[in-house]
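The values are calculated or read from the model by the stated rules, or taken from the named source; none is laboratory data. What you see is a predicted model, and the numbers here were worked out from it, not measured in a lab. Virtual Cβ from ideal backbone geometry, glycine too; neighbours counted across all protein chains shown.
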Amino acid sequence: MFKEYFQYKGISFPQIIYTEPVLQMVEKDFQVRDDDIFNVTYQKSGTVWMLEILSLIRNNGDPTWCQTTPNWDRGPWFETVIGYRTALTNKSPRIISSHLPAHLFAKSFFKSKAKIIYTVRNPKDVLVSLYHFASMFHPYKDPGTLDQFLESFLKGDGISGDWKNHLTKAQSECFDQVYNERLQDLSVTFPWDKK
């Protein structure tokens, strides 16, 4: 399996799962339907849990669809090679999952009535889950030690972008405010605080 990454608009993507042409098609050509429901998260932030909830809601609580159809078919990650094709052929109302930040999202979304469910998870929990996932999922590079992975995570060198810049500007400003309030009396310096 490939452990190589490529950069697309400043974000690293593993080559075996993503391609630049598909990311371009998602951003520029994907036609969002007004009844689409997007399940958007940063990686390891509860995507599959939310997909289960949305699948049950879509089917009035009947678990049959969840029990008989894999999650990548029920709520395909449309920025991946396989997920893009699946999303195109799924019938309405579609559930579509994504780890893309807003600036790479399908442009047609912003002119539609489609809905986004955005799930956020504590970044410490995301870090640990993503570290263990990257350690076992072969398309990802070896994450090294947890300390090395933490440094990369804090610098924003993460897979599919960094956690903080995955947020909207308003969410990021709110995060900054809470961050500053909670850490104001600590003598800790983070990589992004260095000038």
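Numbers for the structure displayed
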read-out: Residue check for residue 92: surrounded by fewer than 18 Cβ atoms within 10 Å (Cβ to Cβ), over 17 Å from the mean Cα position of the chain (by Cα) and at pLDDT 85 or above; value: yes
read-out: Long-range neighbours under 7 Å by Cβ, at least six apart or interchain, first residue closer than 21 Å to residue 34 by Cβ within region 73-91, second in a loop (DSSP other than H, G, I, E, B) and of a type in the set (Phe, Trp, Tyr); value: 78/30; 79/18; 84/78; 87/78
read-out: Neighbours by Cβ (under 6 Å, 6+ apart or cross-chain): first from region 96-118, more than 19 Å from residue 72 (Cβ to Cβ); second part of a helix (DSSP H, G or I); value: 101/166; 104/27
read-out: Residues of region 23-35 satisfying the condition of being touching a Lys or Arg at 6+ places or on another chain (Cβ under 9 Å) and under 18 Å from residue 101 (Cβ atoms); value: 23, 27, 28, 30, 32
read-out: Those residues of region 1-52 which are in contact (Cβ under 8 Å) with a residue 60 or more places away in the chain, among the polar types (S, T, N, Q) and part of a strand (DSSP E or B), in sequence order; value: 12, 39, 41
read-out: Pairs with Cβ under 6 Å, 6+ apart, first in region 129-148 and within 19 Å of residue 16 (Cα to Cα) and part of a loop (DSSP other than H, G, I, E, B), second at pLDDT 85 or above and among the aliphatic types (A, V, I, L, M); value: 139/17
read-out: Residue check, residue 85 on the phi < 0 side of the Ramachandran plot, modelled with pLDDT of 95 or more and outside any loop (DSSP other than H, G, I, E, B); value: yes
read-out: Given (1) in a helix (DSSP H, G or I); (2) in contact with a Lys or Arg (Cβ under 9 Å, 6 or more places away or on another chain); (3) in contact (Cβ under 8 Å) with a residue 60 or more places away in the chain, index of the condition residue 55 fails; value: (3)
